[in-house]
Structure formats: structure tokens, C-alpha cells
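Novice: Would you mind keeping the following structure in view while I ask a few things?
What follows is calculated from the coordinates using simple rules that are stated; it is not laboratory data. On a predicted model such as this, the values are computed, not experimentally measured, just so you know. A quick note on method: Cβ atoms are made from the backbone with ideal geometry, for glycine too, and the neighbour counts reach across all protein chains shown.
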Amino acid sequence: MFLSPLGERLGEGVMKDEATKRARELRRDGSRAEKITWEFLRDRRMAGVKFRRQHPIGPYFADFACISRKIVIEIDGDHHAFQVEADARRTAVMEQAGWRVLRFWANQVVENREGTWIEIEQALASPPHLASPPRGRGT
């Protein structure tokens, strides 16, 4: 059993329903950079592999996850510049669960799509390694 924020006892089915509801909200309210990324990743357009949006991993939702390759793609907006420690914890949890985490700044996705896609393709083609923080400016 789990407790809700209101202290109610919840079963796993209720928790799954809540997670599904939250994932749907996150997909619906995605940023411009997330929508651009999804248009490129959806329907196995990237290296023929399937990606999911807002896939739950531990207490977090990965922006994009390729289950077969255990790769997570996170798109970080401006607010992530102020939550470096929280993002590091999030990445650590995902890596401990066996995922490789790639982080990109939202402006990088919008302004340098080709460079972003090349980096994702390289990650899909190479063996896993430790994640790196997003490069470029966080504006």
C-alpha cells in the first residue's frame, strides 16, 4: 500500500492510474523543444528504434525513453539552470536503474536540430557510457 499526499491508502492500481494521468498531462503540455524532438523520434524515425514520451522511471518521468536501448533523452528548459542538483539526482536514479541519460538544452534543440539529432544517433549506435550535462547556453 501507498499513501497519497492526503494520507489515503492507495493500492498499486491507483498509483498506476495516477502515473498514467500525470504522463498524459506532461505529453499534452510539452514545450516547443519537446514537440520538435517528438516529431523526429516518433514512429521509429530515429535509427528504427521506438521511443516513448513521458515514460516513468522510478519517481520520475523521462521526457523520451528508448526501452530497447535503455536511453533517456531529457530536454532542459531555462528553469533547469537553477535546479542542477535536482537534475543530478534525477539522472543518478535513472542511471542506477540502468539507463543512459542524454540531456539537451531546449534552445539547442530549437536552434541546432541537426546537431542534436546527430548526437542522438551516435548514442544509439554506441555502447552506453556515463551521461553528461547539457552543453551550450541555458537561455
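Novice: Restricting to the stretch 73-86, name every residue that is within 15 Å of the chain's Cα centre (by Cα) and either free of Cβ contacts under 8 Å to residues at least 24 places away in the same chain or under 19 Å from ARG113 (Cβ atoms) (or both).
Specialist: Correct list: ILE73, GLU74, ILE75, ASP76, GLY77, ALA86.
Novice: Report the residue count in the stretch 74-83 for those that are more than 15 Å from ARG32 (Cα to Cα) and surrounded by 12 or more Cβ atoms within 10 Å (Cβ to Cβ). Before you say what the answer is, go through the steps one by one.
Specialist: Let us first name the residues in the stretch 74-83 that are more than 15 Å from ARG32 (Cα to Cα), namely 80-83.
So of that shortlist, the ones also surrounded by 12 or more Cβ atoms within 10 Å (Cβ to Cβ) come out as 80-81, 83.
So the count comes out to 3.
Novice: Taking only the stretch 42-60 into account, find how many residues are in contact (Cβ under 8 Å) with a residue 24 or more places away in the chain, on the phi < 0 side of the Ramachandran plot and either exposed (fewer than 15 other Cβ atoms within 10 Å of the Cβ) or in a loop (DSSP other than H, G, I, E, B) (or both). Before the answer, list the steps.
Specialist: Quick first cut of the stretch 42-60, residues in contact (Cβ under 8 Å) with a residue 24 or more places away in the chain only: 46-47, 49, 53-60.
Then drop every residue that is not on the phi < 0 side of the Ramachandran plot, which leaves 46, 49, 53, 55-57, 59-60.
Among the residues that remain, those that are also either exposed (fewer than 15 other Cβ atoms within 10 Å of the Cβ) or in a loop (DSSP other than H, G, I, E, B) (or both) are: 46, 49, 59.
Final tally of qualifying residues: 3.
Novice: Of everything in the stretch 90-112, what is surrounded by 12 or more Cβ atoms within 10 Å (Cβ to Cβ) and over 18 Å from SER31 (Cα atoms)? Give them in sequence order. If you could, list the steps in order and put the result at the bottom.
Specialist: Pass one, the stretch 90-112, residues surrounded by 12 or more Cβ atoms within 10 Å (Cβ to Cβ): 90-95, 97, 99-112.
Residues satisfying the conditions are ARG90, THR91, ALA92, VAL93, MET94, GLU95, ALA97, TRP99, ARG100, VAL101.
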